[in-house]
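Only one structure is covered here, and it is reproduced in the block below.
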Amino acid sequence: MFGEGYVDDGRAFSVIDAALASGINFIDTADMYNDGKSEELVGRAIKGKRDGLVIGTKGFSPMGPGVNDRGLSRKHVIGAVNSSLRRLKTDYIDLYQVHWWDPETPIEETLNTLNDLVRMGKIRYLGCSNFAAWQLAKALWAGDKLGLDKFVSIQLLYNMAQRGIEEEVFPLAEDQGIGVIPYQVLMGGLLTGTYDAAKEPPKDSHMASRHAGGAKTRFWNERTFKLVDEVKKTAAQLGYEPTQIALAWCLSKSPITSVIVGSSKPEQITQNVRSQEIRLPEEVLEHLNSL
């Protein structure tokens, strides 16, 4: 989550450069991240490198004090997309994702607005984030009914400790050809294997930062530390790092087309990108699935 605080601009540029050098071409952000500063930094970082990149961003969250400065109404979506384009310093967004379901706006209004923006050339593809299975199904049905471009991807919380989306979202995504893009796949950094359950996370660590997205509350417990210990054992047996095992496991799931991995150092990029080449043996996958 670039823009201020935990990762400064200089380090953020080096992380993005390392990602591009390693062959990564998908950069995901959102207008709400650091009040737009993350998009601004990404815009500066990709200057002169835009071709070949897939830039994804998200909109929904409050970006001002006004009643129309949030949500998925026509007014806010148009304004949010234009503001994201300005901050990203680009004339189109490859994947524009609605960050949350909006119970106050008919999904038909949102889809019609997004399709208008597609026709204007401001958006290439549409996605959603944090939708329940029924919300995704309703959105897809509405798109079919109206003859509109539909969501092609969904971003959701998913990792070895939190696998609830396997039951309903995975089958729906596979049936409808929707790519699943999970976030928090490393459980806020817990799957690096560097944290001690008996001690508070270091003050300069991601887990202790305000940018961790509630990861400590969500993952800092006995069950997840036992899971991490098993992943560390598996990694040692196979000659990999725990993060590589966790990412390889995640990428083995058929609906998953990409993963969101936050990195604060270039060397983390180099290490994590190797996970796409790892093919875990069936018995290892069975063991990890049982945790």
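Only the coordinates and a few stated rules stand behind these numbers; no lab work does. Bear in mind that the values here come from a model prediction, so they are computed numbers and not experimental data. Positions of Cβ are generated from backbone atoms using ideal geometry, with glycine treated the same way; all protein chains shown enter the neighbour counts.
Our summary gives the range 55-195 a relative contact order of 19 percent, counting only alpha carbon pairs under 8 angstrom and 6 or more residues apart.
Near the amide H of Lys58, within less than 5 Å, lie the amide hydrogens of Thr29, Ala30, Asp31, Gln97, all on another chain or at least 5 residues away, with H placed in the peptide plane.
The phi-based Karplus calculation (6.51 cos²θ - 1.76 cosθ + 1.60; θ = phi - 60°) puts the 3J(HN,Hα) values of the range 231-237 at 5, 4, 5, 4, 4, 5, 5 Hz, whole numbers, x for Gly and Pro. Remark on the chain: hydrodynamic radius 19.9 angstrom, per the Kirkwood mean of 1/r across alpha carbon pairs. Considering only alpha-carbon pairs that sit under 8 angstrom and 6 or more positions apart, the relative contact order computed for the chain is 16 percent.
Apply 1/(1 + (r/R0)^6) to the Cβ-Cβ distance of Arg124 and Phe225, taking R0 = 51 Å, and write down the FRET efficiency to the nearest 0.05. That gives a FRET efficiency of 0.75. Mean residue ellipticity, 222 nm, helices only, the chain: the sum of -39500 (n - 2.57) across DSSP H runs of n ≥ 4, divided by residue count and rounded to 500, is -13000 deg cm²/dmol. Per-residue 3J(HN,Hα) values for the range 133-150, derived from phi via the Karplus relation 6.51 cos²θ - 1.76 cosθ + 1.60 with θ = phi - 60°, read 4, 5, 5, 4, 4, 5, 5, 5, 4, 4, x, 4, 4, 9, x, 10, 4, 10 Hz in sequence order (x marks Gly and Pro). Distant-in-sequence amide contacts of Tyr125, defined by a placed amide H-H separation under 5 Å and a gap of 5 or more residues or a different chain, comprise Leu95, Tyr96. The phi torsions of the range 217-224, fed into the Karplus equation with coefficients 6.51, -1.76 and 1.60 and a -60° offset, translate into couplings of 4, 6, 10, 7, 8, 4, 4, 6 Hz, rounded to whole numbers, with Gly and Pro shown as x.
Apply the a/c threshold of 1.5 to the C-alpha gyration tensor of the range 186-291 and tell me whether it is rounded, prolate or oblate. Since a/c reaches 1.5 and a/b is larger than b/c, the shape of the range 186-291 is classed as prolate. With Cα atoms defining each centre, the range 26-54 and the range 84-105 are spaced 12 Å apart in the structure.
Each of Phe151, Phe13 was scored by other Cβ atoms within 10 Å of its Cβ. Listed from fewest to most, they are Phe13, Phe151.
The GluC sites (Glu not before Pro) of the range 52-121 that DSSP puts in a loop, and whose beta carbon has at most 11 other beta carbons within 10 Å, are Glu104. For Ser153, list long-range residues whose amide hydrogen, built 1.01 Å from N in the peptide plane, is under 5 Å from its own amide hydrogen. Correct list: Cys128, Gly179.
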